[in-house]
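Read-outs: derived from the displayed coordinates by stated rules, not from any lab. None of these values were measured; they are calculated from a predicted model. Here the Cβ positions follow ideal geometry from the backbone for every residue, glycine too, while neighbour counts run over all protein chains shown.
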Amino acid sequence: MPTLPEAAVTGLSHDGRGVGRHEGRVVFIDGALPNEQVRFRPGKRRRKVLNATLEEVLVSSADRVTPECPYFGTCGGCALQHFDYGAQLEHKHRRLADNLERLAKVGPEEYLPPVAAAPWHYRRKARLGIRYVPKKGGTLVGFRERHKSFVTSLDACLVLDRQLSDLLPALHELVANLSCHDRVPQIEVAAGDHEAALVFRHLVPLTDADLDRLVRFGRDHGARILLQPGGLDSVHLLWPEEAGPLYYDIGGNLRIGFEPTDFIQVNGEQNRRLVDRALTLLAPQPGDTVLDLFCGVGNFSLPIAKRADRVVGMEGDGRLVDRAAGNARLNRVHNVEFKTVDLYAEEIASTRFDASYNKILLDPPRSGALELMKRIPDIAPERIVYISCNPATLARDSAILVRKHGYRFAGAGVIDMFPHTAHVESLALFENT
């Protein structure tokens, strides 16, 4: 039997795999860490790239630790539990700096210290996959396996909010006893500060017995039960008969309401820190008119409005705009308004922006805010705070702000929203020179 190849690992890829070289190819090795010498098992080959799995660590990194979770390595929910948490933060900082300085050739005057998180039980929203696999014991409930479509069956999860993790054993039994256990592909789970909700996607109608089981589960476990027989518009409440939004606190006597399928920042503790840092950098004050782009449910708009004269939030999803307006009423914030505007399509080219906005906060999706960058000269704000979930598109848009529009790149830093994953959340400050 031929000896498996070896490689020296020099870095981590964007998805947390070790990166090395072998016979002229770049090798991506699942489970390997920087500064390790490893033996690997080759997988799929491309022209200049080889995908591989770790077979043996010959020289171990000083940052390698024993993963806390027994499912790590199979479950795709985490990628870096074997990497010391301090080293994870350093890696994410380097990824941000590398994208800015090496790829975009721009860099901030100051790097802000990374904001660390409590690394366990932080995730208050997730989508659990379900598969019926008789050879594996029947109904499986959990996250998808890493790089595969299979489901890792979980009895607990160390990164899920405790309200959600504690429900996992009972969820297996519940789904297994439904008449359509093989036609329920997923459960979307969400936790507010004091209550959890479960959205069951089902591909065929549920029987009366199924509905009774679901209602009983919700009552016994204190969780809201919602059903989704079709698209997002089909989501509806099963139990209790009536319920308002879920809520989370962001400090400053502000509560944010959201529905289980809404986009929110999934790490509650880190979200409060993110809001605090964004406010510090934006520095809203009396006399300011602030534009909050991709405003969602008002997560940033409302705390900004507590300090500024006027805030306008724009968002492409009308349901989130309605939710943001409801949150303004809930918190008795009257100097903010919300508008439905598609911010990453051609529509933005014809959108009229009030030139009185002197500060902008934006929190775009992974694709960034390329179309909006073209409109910055029309508004000419004195200060921009850009929150990013993708360092590559942040780098691209930063280069436009600095080189084309003459903004000073004052600072940037990492907020670790997803410990033990390769996800990099960051924010940056630009000032008009």
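Quick check: from the Cα gyration tensor, does the stretch 137-234 come out rounded (a/c under 1.5), prolate or oblate?
Judged from the Cα gyration tensor, the stretch 137-234 comes out rounded (a/c under 1.5).
Using θ = phi - 60° and the Karplus form 6.51 cos²θ - 1.76 cosθ + 1.60, what ³J(HN,Hα) does each residue of the stretch 160-171 get, whole Hz, x for Gly and Pro?
5, 3, 4, 4, 7, 4, 5, 7, 4, x, 5, 5
How large is the convex hull of the Cα atoms of the stretch 6-64 per residue, expressed in Å³ as a whole number?
Looking at the stretch 6-64, the number lands at 67 Å³ per residue.
Just need log10 I(q)/I(0) for the chain at q = 0.10, 0.13, 0.14 Å⁻¹, Debye formula, equal scatterers on the alpha-carbon atoms, no solvent, rounded to two decimals.
Log10 of I(q)/I(0), two decimals: -0.80, -1.23, -1.33.
With +1 on the Cβ of every Lys and Arg and -1 on the Cβ of every Asp and Glu, and nothing else charged, how large is the dipole of the stretch 125-246 about its Cα centre, in debye rounded to the nearest 20?
With only Lys, Arg, Asp and Glu charged at Cβ, the dipole is about 680 debye.
Could you list Glu425, Glu173, Glu431 so that the one with the fewest beta carbons within 10 Å of its beta carbon is first and the one with the most is last?
Least to most surrounded, the residues fall as Glu173, Glu431, Glu425.
Scan the stretch 12-78 for GluC sites (Glu not before Pro) in coil per DSSP, keeping those whose Cβ has at most 14 other Cβ atoms within 10 Å, and list them by number.
Glu23, Glu68
Based on alpha-carbon centroids, what's the gap between the stretch 228-300 and the stretch 376-433 in Å, whole number please?
Comparing the Cα centres of the stretch 228-300 and the stretch 376-433, I get a distance of 21 Å.
Give me the three principal axis extents of the stretch 13-156 from the C-alpha atoms, as integers in angstrom, largest value leading.
55, 41, 29
Going by amide H atoms built from the backbone, whose H comes under 5 Å of the H on Arg123, apart from near neighbours?
Leu160, Asp161
Under a point spin-label approximation (7 Å from Cα along Cα-to-Cβ), what is the Gln285-Arg366 distance to one decimal in nm?
4.0
Determine ³J(HN,Hα), in whole Hz, for all residues of the stretch 2-7 in sequence, where each value follows from phi through the Karplus function 6.51 cos²θ - 1.76 cosθ + 1.60 and θ = phi - 60°; x replaces Gly and Pro.
x, 5, 5, x, 10, 7
For the stretch 142-183, which trypsin sites (Lys or Arg not before Pro) are both in a DSSP coil and crowded by at most 12 other Cβ atoms within 10 Å?
Hits after loop and neighbour filter: Lys148.
Which Cα, out of Pro34, Val189, Ala156, lies furthest along the positive dipole direction of the chain (beta carbon charges, K/R +1, D/E -1)?
Result: Pro34.
Let me check against my output: what whole-number percent is the relative contact order of the stretch 241-316, with C-alpha pairs under 8 Å and at least 6 apart?
Computed value for the stretch 241-316: 27 percent relative contact order.
Over the chain, what relative contact order in percent results from Cα pairs under 8 Å that are six or more residues apart?
Reported as a whole number, the value is 14 percent.
Quick one: net charge of Lys48's neighbours, Cβ under 12 Å, K/R +1, D/E -1?
+4
Could you go through the stretch 10-17 in sequence order and give the Karplus-derived ³J(HN,Hα) for each residue, using 6.51 cos²θ - 1.76 cosθ + 1.60 with θ = phi - 60°, rounded to whole Hz, and x for Gly and Pro?
Karplus-based 3J(HN,Hα) across the stretch 10-17 equals 10, x, 10, 7, 5, 9, x, 8 Hz.
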